[in-house]
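The values are calculated or read from the model by the stated rules, or taken from the named source; none is laboratory data. Every value quoted in this text rests on a predicted model; they were computed, and no experiment measured them. We place every Cβ from the backbone using ideal geometry, glycine too, and count neighbours over all the protein chains shown.
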Amino acid sequence: MLTGSMGGFGALLLASDLGPARVTGVVAASAALWRTGAETPAGAYDDREDFDRHSIFGRVDRLAGIPVRLDCGRSDPFVAANRALAERLPGVEAHFDPGGHEDAWWRAHAAAEMAWLAARA
């Protein structure tokens, strides 16, 4: 799985649901992550229980055994949460380099991300 922003969040969520028997690797580029429900924009979740049920930080144990790569630009608004997840996720490969939350940054990283996934297929 390779996706960015909300897709990056969704890929991590789906991988945590499917588990290592069905997912050989997941790349989340600039994943839209929030550490707490208070950080989320209005309407992003129904309520605190909805946030807690879907928080990637609450699913770290479910991602164990799945190769995970997190890529995020240092100017991306989600970089702090991506860094925090990288610190909590054993074995993660994380890349935080110059750039922001934009198409040019994602295009520049797509080939390396695809090669990383192909090596795990």
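Check GLY8, GLY37 and return the single one that is touching a Phe, Trp or Tyr at 6+ places or on another chain (Cβ under 6 Å) and at pLDDT below 95.
When all the criteria are applied, what remains is GLY37.
Which of the residues that make up the stretch 26-74 are over 30 Å from TRP116 (Cα atoms) and among the basic types (Lys, Arg)?
ARG48
Show the residue pairs that are 6+ apart or on different chains and have beta-carbon atoms under 8 Å apart, the first residue being within the stretch 19-34 and within 17 Å of PHE96 (Cβ to Cβ), the second being of a type in the set (Val, Ile, Thr) and not in a strand (DSSP E or B).
ALA31/ILE56; LEU33/ILE56
Are any residues in the stretch 38-73 touching a Ser or Thr at 6+ places or on another chain (Cβ under 8 Å), farther than 16 Å from SER5 by Cβ and not hydrophobic (A, V, I, L, M, F, W, C), and if so, which ones?
Selection gives ARG59, ARG62, PRO67.
Suppose the filter is modelled with pLDDT of 95 or more and either touching a helix residue (DSSP H, G or I) at 6+ places or on another chain (Cβ under 9 Å) or over 17 Å from VAL26 (Cα atoms) (or both); does ASP97 pass it?
Criteria met by ASP97.
What number of residues in the stretch 35-74 are assigned to a helix (DSSP H, G or I) and free of Cβ contacts under 8 Å to residues at least 24 places away in the same chain?
Looking only at that region, the number is 10.
Among what's in the stretch 69-109 and is charged (D, E, K, R) and touching a strand residue (DSSP E or B) at 6+ places or on another chain (Cβ under 6 Å), pick the residue that is nearest to SER16 (Cα to Cα).
ARG69
Pull up the stretch 92-106, narrow it to residues that are surrounded by 14 or more Cβ atoms within 10 Å (Cβ to Cβ) and part of a helix (DSSP H, G or I), then point me to the one that is nearest to the chain's Cα centre (by Cα).
Restricting to residues being surrounded by 14 or more Cβ atoms within 10 Å (Cβ to Cβ) and part of a helix (DSSP H, G or I), the top hit is TRP106.
State the number of residues belonging to the stretch 80-91 that are part of a helix (DSSP H, G or I) and buried (at least 19 other Cβ atoms within 10 Å of the Cβ).
3
So which residues in the stretch 100-118 are within 11 Å of SER30 (Cβ to Cβ) and of a type in the set (A, V, I, L, M, F, W, C)?
TRP105, TRP106 - these are the residues of the stretch 100-118 that are within 11 Å of SER30 (Cβ to Cβ) and of a type in the set (A, V, I, L, M, F, W, C).
Conditions tested, residue by residue: (1) surrounded by 19 or more Cβ atoms within 10 Å (Cβ to Cβ); (2) on the phi > 0 side of the Ramachandran plot; (3) not polar (S, T, N, Q).
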residue	(1), (2), (3)
GLY7	no, no, yes
SER16	yes, no, no
ALA21	no, no, yes
ALA29	yes, no, yes
ARG74	no, no, yes
